[in-house]
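The values are calculated or read from the model by the stated rules, or taken from the named source; none is laboratory data. Just so you know, these numbers come straight off a predicted model, no measurement behind them. So basically every Cβ, Gly included, is an ideal-geometry build from the backbone, and we count neighbours across all protein chains shown.
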Amino acid sequence: MDLWQLHIFCKVVELQSFSKAGEAVHLSQPTVSSHIKELEIHFGAQLIDRLARRAVPTKAGELLYRQARRLIALRDETESTMAEYLGRVKGRLIIGGSTIPGSYLLPQQVGFFCHKHPQVRIALKVADTSEILDGIAEGHIEAGVVGALSDDPRLLQHILTDDRLCLVVPERHPWAKRKNIDLASLTGEPFIIREFGSGTLRVIESKLKAQGHTLNAFNIVAEMGSTEAVRHGIKNGVGLSILSAIAVADEVGAGTLATLAIDELDLTRHFYLTRHKQRTPSPICRAFMEFLLAQYGIDDGSLGLAQKPVSHLNTSP
């Protein structure tokens, strides 16, 4: 067993495919299969079940995956620590972003950072808020930006920047020329929601609860797993929805969608820079967090922590 084999194994688990894992690590599928077989012989257990077109970890495989991710993270941390000692920002960093910051904010910042530090490789995982928070808590992701607060005591969150949610309607909707609408009118319209675990859905539920309402009052006709799917649903007449203004800016500019404020709801939300409370950030992670905070005008040059702590967590490193 070596770290390279564990890296290949993790790719198979994450991509659920031997062939896709081979493409990711530039190896043939038979070579990938051979490495997995060697690991299975080493541990004396089957690690991957081949189910139709998917490769799924067994219980033993799930356990190995968790441990392997920790070992790979430690390897990356070791490389960046040595690079820092030698006066370089170098190595690999895994960060996460929920749908909106991961798709619209972080790619640009990652590009700026990598241009400044060409020996850095950043892997950006984009998923719903719950998955990113779980990844940080379990150590698979070192830091991330999400659109909702967590009640997990292992996590430390700080406000990075703001976002504005708004009601989104198709261009031919009777409300398309309006600037605002009352909540009572909205509850009678067909409505699309994001999936459970979405930061956007969490914020909507929280804002409604603050006004004494719940989503039960809405005529929910569909639940969709991505912002892009919701956008297409709106344009194709499935229903209306509440989305980030950032996510629909191009469509609003093109005139295919329109946005409105909802009178009773303040739909401003925050994006939160999130890391593990107990784990010391690796040098490369600390450098990236400090860079990110500086990009948003937040002054904290020591440990990459913002000046505005949120939730019930303290700000000690």
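Before moving on, here are some points about what is shown:
- Search result, residues across the stretch 248-287 that are of a type in the set (Val, Ile, Thr) and either at pLDDT 90 or above or farther than 30 Å from residue 136 by Cβ (or both): 248, 252, 256, 259, 262, 268, 274
- For the stretch 143-198, residues that are surrounded by fewer than 18 Cβ atoms within 10 Å (Cβ to Cβ) and of a type in the set (S, T, N, Q) total 4.
- Qualifying residue in the stretch 48-69 (condition: surrounded by fewer than 18 Cβ atoms within 10 Å (Cβ to Cβ), hydroxyl-bearing (Ser, Thr, Tyr) and assigned to a helix (DSSP H, G or I)): no
- Exactly one residue among 89, 32 is free of Cβ contacts under 8 Å to residues at least 40 places away in the same chain and out of contact with any Pro (no Cβ under 7 Å at 6 or more places or on another chain), and that residue is 32.
- Lone unmet requirement of (1) over 30 Å from residue 242 (Cβ atoms); (2) within 23 Å of the chain's Cα centre (by Cα) for residue 101: (1)
- Residue ID - surrounded by the fewest Cβ atoms within 10 Å (Cβ to Cβ), chosen from residues in the stretch 199-236 that are of a type in the set (D, E, K, R) and under 23 Å from the mean Cα position of the chain (by Cα): 228
- Residue 266 being more than 20 Å from the chain's Cα centre (by Cα), in contact (Cβ under 8 Å) with a residue 24 or more places away in the chain and not in a strand (DSSP E or B): yes
- Neighbours by Cβ (under 8 Å, 6+ apart or cross-chain): first from the stretch 284-296, basic (Lys, Arg); second buried (at least 20 other Cβ atoms within 10 Å of the Cβ): 286/304
- Tally, over the stretch 237-250, of residues that are surrounded by 16 or more Cβ atoms within 10 Å (Cβ to Cβ), out of contact with any Asp or Glu (no Cβ under 8 Å at 6 or more places or on another chain) and closer than 22 Å to residue 148 by Cα: 5
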